[in-house]
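Have a look at the structure below, then the notes.
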Amino acid sequence: PFDKVPPYRVKVVEYTTPTTRSQRRELIKKHNWSAPNLPAEYVYVNMCTDSGTSAMSDRQWGAMWLGDESYFNSKSWDPLQDVLQKFTGMAYVMPCHQGRSGEAIIYETFVKEGDLVPSNCHFTTTRAHCYYQQAEPVDITCPEYYDENDPSWFKGNIDTEKLKKLFIEQGDRIGLVELVVPNNLCAGQPVSMANIREVRQIIDKYHKREVIFCLDVARISENAWIIKTHEPGYQDKSCLEIVNEMLSYADGCHMSAKKGGLVNMGGFIALRNKHYWQKMHPKVIRTDGYITYGGLAGRDLESLAVGLMEGVNDYYLQDRQRQVDYFANACRKRGIHIIEPASCFAVYIDAGKCVPHLDHTQGPATCLSAQAYIEGGFASTAMDSLQRGRIDVNNPLDTSKRIKAPYELIRCAIPRRTYYEPHYDWAAECLLRAMEWGNKLPAFKPIIDDRPPLELSEIGLHT
Ligand code: F0G
């Protein structure tokens, strides 16, 4: 029945703060017309991110009471270690306080100055770790992603032809390959098992030095659900079996457990190679804490051990996808353009199509997202050229120099076990009302004055 009804019910609720339209207008103006900048208290439906925003279960809260807060070898590490080994199929596991702290350790260990780090599209933090190591992130997303009419389910794949070519031409510069499953910054599109398998084969055949193949697994369980339902040969497998197979092709992985781990804080690293794991110990101790707690309290370890397994449960995942699809349909029904297919953890609005009078230098997603907040307290994250262009540090104020993103996206990420159908309908309604302003919706203009260079202004959203 879980394709129709959630497999859980509500035990604790959190009240939201009502706001008026004029308050919302003042608030968003004060906070640079950017929903993620708002004080969260004044957001009614918050879809800025699905990271750390999920509701924990009674089992997780119960497990927290068992937390052993000893510094060395806390007893709470034992159940988590077991679960991590079972989830990843890897013997050597280490907790860390969130995704990026685990990534920092991996990048420090495997990436050298002058390296290239290919990926289907780095998340912001692994990209930053590349630069920090004086290496270069290389994003090679598959061509299907750039074709808005392509109906395939795995538009988050890496372009294996380009990967092969990169290995042949510059393999001596590659020591780490990173696949983000699913591909968050490319409209959350999933990655297929076939693609992961092929990357393994390419590395085995073309490597010129030792290469670590790593998966960024923040939302791997949700990706597994798409493989189960859309990739031939997997429909009779459990999502845990699918996760195990995905990871069987990799040498290691890092997870921000704040997503699929169903916790508010936490992460981990897993590896096959004992030597590398030992090599990471001093780094983890320097930045996160002892190797059996990695910056987490004993109670966090306990709740993650429960949450990770709840998050890979097939009935839970079926309901999760049902919620994403419900919101996607609420948008489609209202004529709001979304990236198809809808992802497995978020719906990405194609703002370029919703407000076609604004070009990529005018921040169509930033504008539409700000107006949707004014309409009804709905917060989302703009990921448009205006945001991407900020990396042109030499010319931050020259809009014509802003790098054009493939799509002008608004990410509406769906927190887990948190919202219900009326919230999704309300969120879609806010986007519709914002979109209905049509060409009256104004463009953003950069401020040319002595303020810090990246501030933005606009010429008056609708009250
Ligand atoms: N990898 C992916 C794919 C992510 O989406 C994130 C975080 C991280 C790594 C870093 O994990 O935040 O625990 O340090 N994504 C959040 C988001 C912030 O909103 O998508 P972290």
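The values are calculated or read from the model by the stated rules, or taken from the named source; none is laboratory data. A quick note: this is a predicted structure, and the numbers were derived from the prediction, not measured. Virtual Cβ from ideal backbone geometry, glycine too; neighbours counted across all protein chains shown.
Any idea which of N195, N149, N183 is out of contact with any Lys or Arg (no Cβ under 6 Å at 6 or more places or on another chain), among the polar types (S, T, N, Q) and surrounded by fewer than 19 Cβ atoms within 10 Å (Cβ to Cβ)?
Values: N195 fails: surrounded by fewer than 19 Cβ atoms within 10 Å (Cβ to Cβ); N183 fails: surrounded by fewer than 19 Cβ atoms within 10 Å (Cβ to Cβ).
Only one candidate passes the filter, namely N149.
Which count do you get for residues in region 252-268 that are more than 14 Å from the chain's Cα centre (by Cα), within 12 Å of the ligand (Cβ to nearest atom) and closer than 15 Å to Y92 by Cβ? First the steps, then the outcome.
Initial filter on region 252-268 (more than 14 Å from the chain's Cα centre (by Cα)): 252-253, 263-266, 268.
Retained after the next criterion (residues that are within 12 Å of the ligand (Cβ to nearest atom)): 253, 263-266, 268.
Still in the list and also closer than 15 Å to Y92 by Cβ: 253, 268.
Adding up the residues that qualify gives 2.
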Exception for C48 within (1) part of a helix (DSSP H, G or I); (2) within 16 Å of the ligand (Cβ to nearest atom); (3) in contact with a helix residue (DSSP H, G or I) (Cβ under 8 Å, 6 or more places away or on another chain) falls at (1)
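From the list E169, E178, E198, E108, which residue is within 16 Å of the ligand (Cβ to nearest atom), charged (D, E, K, R) and in a helix (DSSP H, G or I)?
Values: E169 fails: within 16 Å of the ligand (Cβ to nearest atom); E178 fails: in a helix (DSSP H, G or I); E198 fails: within 16 Å of the ligand (Cβ to nearest atom).
Among E169, E178, E198, E108, only E108 is within 16 Å of the ligand (Cβ to nearest atom), charged (D, E, K, R) and in a helix (DSSP H, G or I).
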Those residues of region 187-216 that are over 23 Å from E148 (Cα atoms) and in contact (Cβ under 8 Å) with a residue 60 or more places away in the chain come to a total of 3
I140 meets each of (1) in contact with a Phe, Trp or Tyr (Cβ under 9 Å, 6 or more places away or on another chain); (2) among the aliphatic types (A, V, I, L, M); (3) surrounded by fewer than 23 Cβ atoms within 10 Å (Cβ to Cβ) with one exception, condition (1)
Scanning region 246-282 residue by residue, those of a type in the set (S, T, Y) and assigned to a loop (DSSP other than H, G, I, E, B) turn out to be Y249
If we ask which residues in region 201-239 are surrounded by fewer than 16 Cβ atoms within 10 Å (Cβ to Cβ) and either part of a helix (DSSP H, G or I) or within 16 Å of the ligand (Cβ to nearest atom) (or both), their number turns out to be 5
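I need the full set of residues from region 348-360 which are part of a helix (DSSP H, G or I) and either aliphatic (A, V, I, L, M) or touching a residue at least 60 places away in the same chain (Cβ under 8 Å) (or both), in order please. Working first, answer last.
First pass over region 348-360, keeping only residues part of a helix (DSSP H, G or I): 351-354, 360.
Matches in region 348-360: A351, C354.
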Subset of region 111-151, residues within 22 Å of M280 (Cα to Cα), of a type in the set (A, V, I, L, M) and more than 13 Å from the ligand (Cβ to nearest atom), comes to V111, L116, V117, A135
Those residues of region 27-41 which are more than 16 Å from the ligand (Cβ to nearest atom), modelled with pLDDT of 95 or more and farther than 17 Å from A434 by Cβ amount to P39, E41
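Matching residues to (1) in contact (Cβ under 8 Å) with a residue 60 or more places away in the chain; (2) more than 23 Å from F110 (Cα to Cα); (3) under 21 Å from the mean Cα position of the chain (by Cα):
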residue	(1), (2), (3)
I285	no, no, no
T292	yes, no, no
A297	yes, yes, no
G307	yes, yes, yes
E310	yes, yes, yes
Q321	yes, yes, yes
Filter region 36-72 for residues that are closer than 14 Å to S380 by Cβ and in contact with a Pro (Cβ under 7 Å, 6 or more places away or on another chain); the one that is surrounded by the fewest Cβ atoms within 10 Å (Cβ to Cβ) is T53
